[in-house]
Amino acid sequence: MKLIVGAYSQLSAGTPAPILEKVLAHVYKPLLTYLYKHPPLKLHLYISAFILEWFETNHPEMNMLIADLSKKDQLELFSGGYYQPVFQIIPSKDRSAQIEELTTFIRKRFSKRPRCIWLFNQIWNPMTVSTLAMCSIERLIISTNDRLRGIQTDNEPFVMQEMGKRVEVFPTYDPVNSLVASLAKGSISYRQFSDTLTQVMSNTMPDVTTLMINLDQLMQAQVQMPNLPTILDLFIQLVEPFVELADSTNLLSEIPFGEISQQGYLPAGWYGLDSSVIDIGSFNYMLVKYPELNHLYGRILDVMELFRLHKKSRDIKKRVEHLLLKAMNGTPYVLDSTGGCYRQSYRKLVYKALNDVERMLCAQGDISYPRAVDIDLDGQKELVVMGKNISVVIDPKGAVLTELNHISSGWNYGDTFTGYAQEAERTSMFSIRDGSPQHVFNDVFVMSGLKLEQYAKHNPKVCFDTCDVQYSVAEGDKSGTDFICANDFSQIPFSIGDIRLTKHYKFRLHSIVVEYQITNIGKYRSKGMFGSEINLSVGTRSDSTSLYTVESNRTRQIPAGKIAVPNLKNVRISDELNRNILVLASNNRFHLVKDDFSVKLVTLAGIEVLYQYSLVLPMWEFDLQPQESFGFTLGLRIERRAKSAKAKERA
């Protein structure tokens, strides 16, 4: 039996620094040091370009160690996409650019050109074969575990052909993959892990056995069960029996290309057990299941098309191409040990790259706004409005803002994420429907007399939500910054009846002003409460946001968590990451409902509480006779926080 031993870690840009340092101390450094001290052991390794860059900047000794091991032919690095994209959803030229950039980085830094590739999250499509051939990639390491049927389709290496191009596929050994994944999920104890490994070793092994150990999952297992052996010890426990059983342990570079003669074919699919999403087998269904990810992907396509049509200089073209490659990071589209789609820092980096691209293209002066684009591919066009400091996307469905971008920081305050309760435990706002996106300036009608603490958006017994209603949208003037949205509602429950709602958006330099007009168009009295849900994804270092109000030169702090506060004129929200303050104010006093939406999720950092967004809901009471109207203005302003005296001294 020939044995091929490898390990991989798929941490991407956006991973918090404390997690990086923890993984370095418990995974990367011990494993590579052990390899250095045991020259007979040969290892393949995939780590992202982001980690290699982070080593270079923060821990250069790690890259020196990798270079030394590579020079001694003890370590072979795998190539992949530089920013870990999902290849099947990006254009062919960008697939090759991603691979070539990482391949070139490895060649220049470690003096070895990789000929083998690892695909992020093991998402595969045969159309990638031609790209691999173009990039002189000869081999693919991937699980052939069919996630839908729970079986491994191939055990031995095989040659796959697609459109006249070929690649050698080395399937990873599924019993070990399953064992590591089960330990990470906490579904087996360490004793069961050891006993199962003993049983696995009694199986008949493939003539060429390929092990690829998921280091992120070992880390996840260790932080959940502190009594486990160290991650290095777990790795050795997994690999050592195979080394003793094998006739030889080889690097792939030692096996001549063309030696594999068996023919095979790997169809498109999401293979392996990296992902904890178990109810889908095709990656593209993620864009159906999670509307927020579908919007993000649609936004990438929109900006790419904008770039394609733009008359750009060579300098602009090069900078934009680099930013677009960064925006193709695949981590926001998966759910694995990193936290994936539930870790907002991954999505925020993608939006920042897209905002930087659009800002640069807009500055060239040959793009006109507003732009009508079907971003979420639902057959209805949204409006992209670009200002000097704020850009937004207006969706006629609900007349909401699906994006609220602060240009200078690149932060999208409208980037909320709900997900599903069965995969991430919610800490609040339990009535929110699974998979329902939450937006800015979402209109709700609530029954009169309801206690504000009992507000629940998706409880039809107390709330009428307009998020699925198609509004008419018309430009208010020729400036391209004013828009009037309107709709007539019939028979709203709770004795509210027939209502005409008009909201007039006015986008200013640092502010968004919304003028509301509620008119009773029915035959009977209309009484209730109207609210405008402002769901904001704020830059916070905790699982909640800090709010306060200022009146008569007095500052009053609003407690964290869910709270209802009556009779306010304004509320202020601190964004500590971007050093911004968001000010919400109205010319009519309002009642405020505030809550923070976070989820508990087991990741490689342990049980984390991951903040998603904050609900800030001002509400007004109304009591209207037929044909009577009620109007008010609501403004949202983004201000830069003033530097403290100490910060000024340091500056």
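The values are calculated or read from the model by the stated rules, or taken from the named source; none is laboratory data. If you're wondering where the values come from, they're calculated on a predicted model, not measured in any experiment. Quick reminder, even Gly has a Cβ in these numbers, built from the backbone with ideal geometry, and neighbours come from all protein chains shown. These area figures cover heavy atoms from the full protein model, side chains too; ligands, DNA and RNA do not enter into them. Shrake-Rupley method; radii C 1.70, N 1.55, O 1.52, S 1.80 Å.
What to note about this one:
- Of residues in region 386-419 being in a strand (DSSP E or B) and touching a Gly at 6+ places or on another chain (Cβ under 7 Å), the one most open to solvent (accessible area, probe 1.4 Å): W411
- In region 489-526, the residues that are farther than 17 Å from L401 by Cβ and either touching a Leu at 6+ places or on another chain (Cβ under 8 Å) or without any contact (Cβ under 8 Å) to a residue 24 or more places away in the chain (or both): F489, S490, Q491, R500, Q517, I518, T519, N520, R525, S526
- Test for Y83: is it touching a residue at least 40 places away in the same chain (Cβ under 8 Å), open to solvent by less than 10 Å² (accessible area, probe 1.4 Å) and under 30 Å from R299 (Cβ atoms): no
- Hey, A560 modelled with pLDDT under 95 and either more than 26 Å from T427 (Cβ to Cβ) or in a helix (DSSP H, G or I) (or both) or not: no
- Within region 577-613, if we keep just the residues that are charged (D, E, K, R) and under 30 Å from F632 (Cα atoms), the residue that is most open to solvent (accessible area, probe 1.4 Å) turns out to be R589.
- Of note, D465 does not satisfy the criterion of being crowded, with 16+ Cβ neighbours inside 10 Å, at pLDDT below 90 and either within 24 Å of E403 (Cα to Cα) or of a type outside the set (D, E) (or both).
Here is a yes/no grid of residues against (1) among the aliphatic types (A, V, I, L, M); (2) within 30 Å of E608 (Cβ to Cβ); (3) at pLDDT 95 or above:
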site	(1), (2), (3)
H504	no, no, yes
L509	yes, no, no
E515	no, no, yes
I518	yes, no, yes
K527	no, no, yes
S537	no, yes, yes
S544	no, yes, no
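- Residues located in region 302-342, provided they are part of a loop (DSSP other than H, G, I, E, B) and closer than 20 Å to Q422 by Cα: V334, L335, D336, S337, T338, G339
- Top-ranked residue in region 234-268 [being small (G, A, S), surrounded by 13 or more Cβ atoms within 10 Å (Cβ to Cβ) and more than 18 Å from V5 (Cα to Cα); ranked as farthest from the chain's Cα centre (by Cα)]: G264
- Test: S276 is buried (at least 17 other Cβ atoms within 10 Å of the Cβ), hydroxyl-bearing (S, T, Y), in contact (Cβ under 8 Å) with a residue 24 or more places away in the chain and assigned to a loop (DSSP other than H, G, I, E, B): yes
- Any hit, region 428-439, residues being within 28 Å of the chain's Cα centre (by Cα), of a type in the set (A, V, I, L, M, F, W, C), at pLDDT below 90 and on the phi < 0 side of the Ramachandran plot: yes
- Selection within region 197-233 - of a type in the set (S, T, Y) and surrounded by 17 or more Cβ atoms within 10 Å (Cβ to Cβ): T209, T210
- Against the numbered list (1) surrounded by fewer than 20 Cβ atoms within 10 Å (Cβ to Cβ); (2) among the β-branched types (V, I, T); (3) touching a strand residue (DSSP E or B) at 6+ places or on another chain (Cβ under 8 Å), T338 comes up short only at (1).
- Against the test of being small (G, A, S) and part of a loop (DSSP other than H, G, I, E, B), the options S532, S574, S544 yield a single qualifying residue, S544.
- Screening I117, I99 for residues that are buried (at least 23 other Cβ atoms within 10 Å of the Cβ), β-branched (V, I, T) and either modelled with pLDDT under 95 or touching a Leu at 6+ places or on another chain (Cβ under 6 Å) (or both) leaves exactly one candidate, I117.
Listed here are the residues, each with its yes/no results for (1) of a type in the set (G, A, S); (2) in contact (Cβ under 8 Å) with a residue 12 or more places away in the chain.
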| site | (1), (2) |
| --- | --- |
| M1 | no, yes |
| I4 | no, yes |
| Q10 | no, yes |
| P16 | no, yes |
| E21 | no, no |
| A25 | yes, no |
| Y36 | no, yes |
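- Hits in region 98-119 (condition: in a loop (DSSP other than H, G, I, E, B) and polar (S, T, N, Q)): S111
- When Y297, Y346 are screened for being within 17 Å of N121 (Cβ to Cβ), at pLDDT 95 or above, open to solvent by 20 Å² or more (accessible area, probe 1.4 Å) and part of a helix (DSSP H, G or I), only Y297 passes.
- Taking every residue in region 446-467 that is under 19 Å from D596 (Cα atoms) and touching a residue at least 12 places away in the same chain (Cβ under 8 Å) and pairing it with any residue that is assigned to a loop (DSSP other than H, G, I, E, B) and open to solvent by 30 Å² or more (accessible area, probe 1.4 Å), at least 6 positions away or on another chain, the pairs with Cβ-Cβ distances below 6 Å are A456/S431; H458/S431; H458/R433; N459/S431.
- Scan of region 39-66 for residues that are surrounded by fewer than 16 Cβ atoms within 10 Å (Cβ to Cβ), at pLDDT 95 or above and more than 25 Å from G330 (Cβ to Cβ), ordered by number: P60, E61, M64
- Unique match (being assigned to a strand (DSSP E or B), under 24 Å from R641 (Cα atoms) and out of contact with any helix residue (DSSP H, G or I) (no Cβ under 8 Å at 6 or more places or on another chain)) among V565, V550: V550
- Some residue of region 172-181 being farther than 27 Å from I278 by Cβ, free of Cβ contacts under 8 Å to residues at least 40 places away in the same chain and open to solvent by 10 Å² or more (accessible area, probe 1.4 Å): no
- In a residue-by-residue description of region 358-380, the property of being part of a helix (DSSP H, G or I) and within 13 Å of I300 (Cα to Cα) applies to at least one position.
- Going through (1) open to solvent by 50 Å² or more (accessible area, probe 1.4 Å); (2) free of Cβ contacts under 8 Å to residues at least 40 places away in the same chain; (3) closer than 28 Å to S431 by Cβ; (4) not aliphatic (A, V, I, L, M) one by one, K478 falls short only on (3).
- Residue within region 200-221 that is more than 27 Å from R139 (Cα to Cα) and β-branched (V, I, T) present: no
- Flag if H504 is outside any loop (DSSP other than H, G, I, E, B) and not β-branched (V, I, T): yes
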